Structures are given as C-alpha cells and as structure tokens.
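The values are calculated or read from the model by the stated rules, or taken from the named source; none is laboratory data. All of these numbers come straight from a predicted model, not from anything done at the bench. Cβ atoms come from the backbone with ideal geometry, glycine included; neighbour counts cover every protein chain shown. The accessibility values were calculated without ligands, DNA or RNA, using every heavy atom of the protein model including side chains. Shrake-Rupley method; radii C 1.70, N 1.55, O 1.52, S 1.80 Å.
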Amino acid sequence: MTKKVILTPIALDEYQNIIEYLLNKWGTRVTGNFINRFERISELLVKQPQIFPFVHKEKLIQSVFLLNTTSFTLQTLPKR
C-alpha cells in the first residue's frame, strides 16, 4: 500500500493562506518555488519518513521544516 500525505482541513487552509500571501507579496516565482519545495518534501515524507525528527515518538508525530520560518507537523496514522 502506497503512503500519501493528507492535509487536515486546517492545514489545507493554512497552506492556501501561505500561497495567497506569497502571490500577493512576492509574485509567481517565489510562490512556485515554495510549492515545488512543498511537493519535494511531501515526496520525501512518503519515501523516507525516517529522516525527519520525532517531536513525540509515542504518537508518531514528526516535524518538517520547509523553510527557516515555515514548518509543519505530521502524524503517521495506523493502517486501516
């Protein structure tokens, strides 16, 4: 079974807010760079999740930095 990154509704809203901010403040080049980085990190999460540090190992919660000031937290859920 292939793993995938699923954003919660709150995370998706925050992601969209960041995209909107970047478009308005910095334009399409910077926004495109951010989106590309997000997609590359998402691929790494699927292929090599062990490379990201745990912030709460018992609950399988990891933290991932996209940029110096932008990070997101993820949790590995049990198989259904």
### Task
Whole number in Å², please: accessible area per residue of the chain, 1.4 Å probe, ligands, DNA and RNA not counted.
83 Å²
### Task
Using amide H atoms built 1.01 Å from N in the peptide plane, name the residues 5+ places from LEU66, or on other chains, whose amide H lies under 5 Å from its own.
SER71, PHE72
### Task
Taking the chain as the reference, fit the longest principal axis to its C-alpha atoms, fit the long axis of helix 28-47 to the helix C-alpha atoms, and give the angle between the two in degrees, 0 to 90, nearest 10.
10 degrees
### Query
Between (i) 62; (ii) 56; (iii) 50, which matches percent of Cα pairs over 16 Å apart calculated for the structure shown?
(ii)
### Query
Excluding same-chain residues fewer than 8 positions from LYS57, which lysines have a Cα within less than 27 Å of its Cα?
LYS3, LYS4, LYS47, LYS79
#### Entry: the chain - mean residue ellipticity at 222 nm from DSSP helices (-39,500 (n - 2.57) per run, n ≥ 4, rounded to 500)
-16000 deg cm²/dmol
### Message
Tell me which GluC sites (Glu not before Pro) from the range 24-72 have a DSSP coil assignment and no more than 16 other beta carbons within 10 Å of their own.
### Response
GLU58
